[in-house]
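Notes to accompany the following structure.
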2 protein chains.
Amino acid sequence: MRKKLKSLLIGQALKSTESESQKFNVFWGLPILSSDAISSVAYASEEILIVLLPVLGLASYKAMMGIAGAIVGLLLIVMFSYRQIIDCYPLGGGSYSVASDNLGRIPGLVAAASLSIDYVLTVAVSATAGTAAITSAFPALLPHRVGVTLFLISLLTLGNLRGIRESSHLFGTPTYLFIVSIVFMIAAGLFKVFVLKETPQPNPQLMRQQVGDVTTFLILHAFSSGCTALTGIEAVSNGIPSFREPSQKRAKAVLALLSGLVLIIFLGVCSLASVYQVGYDPDRTVVAQIAQSVFGRNSFMFYEIQFVTALILSLAANTAFTGLPLLLSILAKDGFVARSFASRGARLSFSNGIILLYVLASVLVIAFQGETHLLIPLYSVGVFISFTLSQSGMFKKWMTHRTGHWKHKAFINGFGALATAVTSVVIAENKFRDGAWLVLILIPLLVWLMLTIRRHYDRVRDNLVIPENGKELILSRPTKNYVVLPVQSINKSFVKALNYAMTLGGVIEVYHISTDQEQTDRLKRQYAQLNVSFPLVIEEAPYRNVNEVLLSHVDGRQRGLKEHQMLTVVLPQFVIPKWWHNLLHNQTSLRLKSSMVKMRNVAVITIPYIINE
Amino acid sequence: MRKKLKSLLIGQALKSTESESQKFNVFWGLPILSSDAISSVAYASEEILIVLLPVLGLASYKAMMGIAGAIVGLLLIVMFSYRQIIDCYPLGGGSYSVASDNLGRIPGLVAAASLSIDYVLTVAVSATAGTAAITSAFPALLPHRVGVTLFLISLLTLGNLRGIRESSHLFGTPTYLFIVSIVFMIAAGLFKVFVLKETPQPNPQLMRQQVGDVTTFLILHAFSSGCTALTGIEAVSNGIPSFREPSQKRAKAVLALLSGLVLIIFLGVCSLASVYQVGYDPDRTVVAQIAQSVFGRNSFMFYEIQFVTALILSLAANTAFTGLPLLLSILAKDGFVARSFASRGARLSFSNGIILLYVLASVLVIAFQGETHLLIPLYSVGVFISFTLSQSGMFKKWMTHRTGHWKHKAFINGFGALATAVTSVVIAENKFRDGAWLVLILIPLLVWLMLTIRRHYDRVRDNLVIPENGKELILSRPTKNYVVLPVQSINKSFVKALNYAMTLGGVIEVYHISTDQEQTDRLKRQYAQLNVSFPLVIEEAPYRNVNEVLLSHVDGRQRGLKEHQMLTVVLPQFVIPKWWHNLLHNQTSLRLKSSMVKMRNVAVITIPYIINE
C-alpha cells in the first residue's frame, strides 16, 4: 500500500547502474542549473531603481547603466574564475570543496554553511514570489497565500524526488520559454526605438522631481541590491557530476551560455528601463512596465511575459533542489552531516536532502507567513561569502603550486576573490540591519554543528575500527552459554522459546517474577508437569515493577560473567497480525529489549510466536 | 529523572501487601463514594423548577413536593435493592457483575457500557460546573474556562493516582463541609419560618403569572429531570472491595448514611424553595437564592454556601475516578477490555483506568468547549439503564434459587426493577432529542467493542494453551543451528557478533548486500584477513533497498528449513549513549527486527556494541 503510493508519486525505482542515463546534456543542463540565475535578473534592475529613483530622479538611468556595467564586469570575473574551478574539480567544484581543499576545514565549512542558508532562502523566496504572481492573477487565492506557496514547494519536491532526467524536461521548458520571451521583448523594444525611431513619452513624474547628489553610499547601496543578479551562478560548478561525460566540457559550455544570457537580459532590461524612463510602481514590476511600453497594455505579449515571469520565479527554487542535496551528499561523505544524506533514493536522487530542503523552506514560509520582503535581505550575503572563499582558495592553489599558466590564472582568481570580497562587505554592511545579521549568526552556528557531528563520527569510527593485530579478536569458542529465559505463564510460546534455548547448548535458568502468589503456584505446578531439568528461579516483585526487577536480575547475572563472555536472554514474543490488537497486550518485551541492548554483555534473542486469527 | 518526577507527583511506590491499609472505613468511605450523589441534589430541585415554573407559576411548589416525594420513594426502593446486592456480592456488586451473573453476558455488558458512559460524563459535567462556580467568583478567568476545567481534571487525576487513603482525606473533607453547611442552612431556614414565624415575602413575579394545566407529560418531564438526584448511588455497591474488612457491613452502613443525607438535603432544599417561593434566575442557582433568603445577601454564610457548592461540584467527579477504574479492572479480568486495566500502578490505584478517564473527559470538555448544558441531557439515562439491569438480575436470582426470605427479597428487587425501568423509559423519551439518542447509539457500540476484544483474547488463549498431551512439545535437541550474520563493514561490532555466533555451534553464513562495488571489494579483503572459515555470501541490491533484500533472503532460508527448526539471525547493533546521536545513524537494525519478528521460524539475536564517548 505504502509502496504503491510511493511509486505512483515518484515513479518506479531505478537501478544504481541507470545513474548515467539520468544525467543531463548541455541543452537540458542549461535551464535546470540556470533558472535561479536568470530569474534573479528579472528583479535585479528593479532593486537598483528602487534605491536610485527617489534621490536622483531622471539622472538615475545614467547611474543605473554604470552600476549595471560594474555588475556585468563582476559577472565576467566570476565566470572566468569558475571556468578555472571546473577545470580543477571534475567531481563538483562547489565552494565547499575548493575552500576546504586549499584553505582548510573551517573556511570550507563556512562556505558550505553560507551556501546552505542561501539555498533554503532561494526556495522560500522564489516560491513566495511565484505565489505573488499567481495571486495577482487570481485575487481569490490571496487569503490562502501560505497554502498555495506550500503547494508549489510540494510540487517541486515531488518533481525532484522523481529524479533528474524527468525533472529536466519538467523544469527546463518554462525556463526556455522565459528566455525566448524576454529576449524577444528586448529585441522588439530596441527595434522600435532605434530603427522605427519611435520616441517614448518622457515620464512626467520624474521631470518634476527634485534631484539630490550622487554619493558613494548611494551607488554602493544600489550596487549591493543589484548583485542579486549574480546569485545562482555557482550552481553550475557544483553540479558537474550531474552532467553526462565529458562533464567538465559540458559544464563550461553551460556556464558560458548562462553568463551570456544573464549579460544580455540584464543589460537589455536596464537599457529599455532607461529608454522608457520606467518609474517605481509597487503594483507593476519594471519588467511589466517595459512589456506594457513595448507591446501595449492589452496585448497578448504583455500577459505572456507576466505569465512566464511568474513561472520562472517558482522554478528558480529548483536550482536549490539540485544544489543543496548534492552539497549535503558531499558533506555527508566527509562526515559533517548525517550519513543518510549521501544515499540515493529509489529514483537515484538524494531524497533525504530534498526532503530536508522541503521541510526547512516550508517552515520558513509558515514562520514568515509568506512575506517576501522580510526574507530578501537575508539573501545573497551567503552567496558572496562562498564566492569569496572559493576564489581565495583557487588563488592560494595557484600561488602554492605555480605550474602551467599559474600567473595568469592566479590573477583571474585573485581579482575575483578581491571583487567578491569587497561585494560581500558592501552587501553585509548595507543589509545588516534588515536581516543579514541573522545570517552572520547562523553561519558560525552551522559550522559548529557540522564540527560536532564530525567529531561524533570520528569517535564512533575510533571505537569500531579493528587495530592492526585484529585477528586476536576472534576468540576460541567458550565452553558454555549462560541463558536466562523469563516466564510469566507456561504456554506454547514459552515452550517454543525453551526448545530454542535448549539448542544453544548451555546453562539454562528459567526465571519467574512473582506479583501474585496464586499465579506463581499455578506456574510451579505447570512447570513441574513439563518435566525438564532446568531450575525455576522465582523472585518477588512486591512493587509490581516486573520490568525493573528483571533488568536488575539480568544485569546482576551479566556482572558475574568472565571477560568476553556473553549472557543470553531468550524472550518469547507473541506476534499478532492486526496492529491494533497490540493495544490489548503489554508491550513488555519491546521495552525490555530496548533496555537490555544497552547492557554490554547481554545478547537478546526474540523467539516469535505467531497468533493465528 | 522520569522516576523522580513520578514519585514527586504521585508519591513513593507502595508494596502490594500494603493494599489493605489503603482501604477505607465508614467515616472516610462516606464522603469518597457520595460526593456525586450528594452534589447532584444541589441541582435536582432546580431542574424540577425549570420545567414547572413557566407553566404552573405558584402551583409549581405543590407539584414539586409531590415529585420530590416520588423521587425519595424511588431512592428508598433503590437503596433497599442495593442492600441486597451488597449482601450477595462481597467482591463488588456493580450492575455489570449482577446483570452478567443472572441475566447473561450481553445484559452485563450493556450495564457496563451504560455506567462507563455515565462515569465519563460525570467527570466532564462536574468539572465544568465547578469551573462555572470559580469563574463566577473570578470573571477574569472566563476566557480560560476550558483551561481551568482541564486543570481541575488534572488535579483530580493526580490525587487519584496517589492512591485511595490519601485521596480520601483530600476529597473527603470538602464533602463533609458541604454536608454540614447545607444541613445548617436547611435547619436555620426552617427554624426562622416555623419557630420564629418570619413570613417570607411572596414572589411578585409569580403572583402575576398566568397558570396552565397540570399534564401527565409535564409531571413526567419534571420527574425525569429531578431523577439526577439519584445518580451516584450505585458507587457504594461497586466499591465494596475498597472498604476495610468487614467490607460488606461497612458498605451497607455507608449506603444507609448516604441515602439518609440525600433524603434530608433533597427534601430540605425543596421545602425551603417552596417556602421562599424561589423563582428561576439564570444568574443565581436555587441553592444560592435560598441561602440569600435565609442568611442575607452580604452574609458570610451566603458566600460560604457558594464556595462549598463549587467545591463539591468539582469533587463529584471523584466518584467516577473511584468507580470507572474499578469497573474496568473487573471487565479486564473477564477479558472484555485491555488486560492492562487490571494491573495496579505504583500507588496501588488502577492507574490505567484513571488515565483513560482523564483523557476521555478532557476530550469531551475540549470538544464541547466547556458548555455544560449540551452534556447534561446525555446524563442519567445510563445510570437508570444499569439500575434496571442490576435489579432485574437480582429479581431473577431470587426467582431461580428460592431460598431464605426469597419472596420478600424478590419483591423488593422486582419493584426496584419495575420502578427504575419505567424511569429509564421516561428519561430516554423526554431527553431523546436533547442528546440521549447519542447514548443509545454508544451503548451497543461499546458492547460490540467489548465482545470483539473478548473474542481476540479467547483466540490468543486458544493459540497459546498447551493441550493435555503437552509434554510432546519438548523436542529432542536438533543437531545444528543455522545462523545468518549480516555484515556491511568489518569492524569491532561485527567481530563481537561473529564471536557470539560461533558459540552457538552451528552452520554460520556471513551475508553481505552490495550497493557499492568499491565498498564490497574492501569488505572482501578485510574478511579474508580475519581468516575464518565461514562462507561470505554476497548479494547485489541494484535498487539500494538493502532491508528488503535482506528480509527476502532470510525468508528464503527460513522456508528451506525442516519443521520445528529455527533460523537464527545475529544482528550486530551499536549503541550510542546520547539519544540525539541516533539521528546520525540509520536505524536499520530496529526496522529489521520488527519485520523479522513476524517470521515464524526466525530467532533474532541482537549483539550490542556500546560506543564510548
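The values are calculated or read from the model by the stated rules, or taken from the named source; none is laboratory data. None of the values given here were measured: they were computed from a predicted structure. When we count neighbours, we look across all protein chains shown, and the Cβ atoms used for this are built from the backbone with ideal geometry, even at glycine.
Structure notes:
- Any hit, the stretch B:430-449, residues being within 14 Å of chain A (Cβ to nearest Cβ), without any contact (Cβ under 8 Å) to a residue 12 or more places away in the chain and surrounded by fewer than 17 Cβ atoms within 10 Å (Cβ to Cβ): yes
- Some residue of the stretch A:599-607 being in contact with a Phe, Trp or Tyr (Cβ under 9 Å, 6 or more places away or on another chain), within 11 Å of another protein chain (Cβ to nearest Cβ) and surrounded by fewer than 16 Cβ atoms within 10 Å (Cβ to Cβ): yes
- Filter result (under 60 Å from the mean Cα position of the chain (by Cα), loosely packed, with under 14 Cβ neighbours inside 10 Å and either part of a helix (DSSP H, G or I) or of a type in the set (D, E, K, R) (or both)) within the stretch A:523-545: A:E539, A:E540
- Any hit, the stretch B:389-397, residues being free of Cβ contacts under 8 Å to residues at least 24 places away in the same chain and within 14 Å of chain A (Cβ to nearest Cβ): no
- One residue stands out among those in the stretch A:502-522 that are within 26 Å of B:N601 (Cα to Cα) and more than 10 Å from chain B (Cβ to nearest Cβ): the one that is surrounded by the fewest Cβ atoms within 10 Å (Cβ to Cβ), which is A:V507.
- Within the span defined as the stretch B:288-304, one or more residues are touching an Asp or Glu at 6+ places or on another chain (Cβ under 8 Å) and either free of Cβ contacts under 8 Å to residues at least 12 places away in the same chain or not acidic (D, E) (or both).
- The lone exception for A:N491 - which of (1) closer than 29 Å to A:S386 by Cβ; (2) modelled with pLDDT under 90; (3) in contact with a helix residue (DSSP H, G or I) (Cβ under 6 Å, 6 or more places away or on another chain) it fails: (1)
- Only a single item in (1) touching a residue at least 24 places away in the same chain (Cβ under 8 Å); (2) closer than 27 Å to A:I611 by Cα is not met by B:L590, and it is number (1).
- Condition check for B:I610: of a type outside the set (S, T, N, Q), closer than 27 Å to A:L331 by Cα and either in contact with a strand residue (DSSP E or B) (Cβ under 7 Å, 6 or more places away or on another chain) or within 11 Å of chain A (Cβ to nearest Cβ) (or both): yes
- Residue match in the stretch B:283-305 (condition: within 14 Å of chain A (Cβ to nearest Cβ) and either at pLDDT 85 or above or closer than 22 Å to B:T128 by Cα (or both)): no
- Pick from the stretch B:323-342, criterion in contact (Cβ under 8 Å) with a residue 12 or more places away in the chain and within 11 Å of chain A (Cβ to nearest Cβ), ranking: surrounded by the fewest Cβ atoms within 10 Å (Cβ to Cβ): B:R339
- Segments classed as helices (runs of 4 or more DSSP H), wholly inside the stretch A:277-380, with at least 3 members that are in contact with a Leu (Cβ under 9 Å, 6 or more places away or on another chain) and assigned by TED's automatic domain parsing to the domain that holds A:S154: A:286-295, A:300-333, A:351-367
- Qualifying residue in the stretch A:357-372 (condition: over 14 Å from the mean Cα position of the chain (by Cα), over 21 Å from A:S95 (Cβ atoms) and surrounded by 21 or more Cβ atoms within 10 Å (Cβ to Cβ)): yes
- Hits in the stretch A:247-271 - residues which are over 15 Å from A:I85 (Cβ atoms) and either of a type in the set (S, T, N, Q) or in contact with a Pro (Cβ under 9 Å, 6 or more places away or on another chain) (or both): A:S271
- Top-ranked residue of the stretch B:559-589 - restricted to ones that are more than 9 Å from chain A (Cβ to nearest Cβ) and part of a helix (DSSP H, G or I), ranked as modelled with the highest pLDDT: B:R559
- Scope the stretch A:22-53; condition touching a strand residue (DSSP E or B) at 6+ places or on another chain (Cβ under 7 Å) and not basic (K, R); matching residues: A:F24, A:G29, A:I32
- Residues being surrounded by fewer than 20 Cβ atoms within 10 Å (Cβ to Cβ), of a type in the set (D, E, K, R) and farther than 23 Å from B:R105 by Cα - total across the stretch B:378-425: 1
- Among the residues of the stretch B:482-540, the one identified as charged (D, E, K, R), out of contact with any strand residue (DSSP E or B) (no Cβ under 6 Å at 6 or more places or on another chain) and under 17 Å from B:P572 (Cα atoms) is B:K492.
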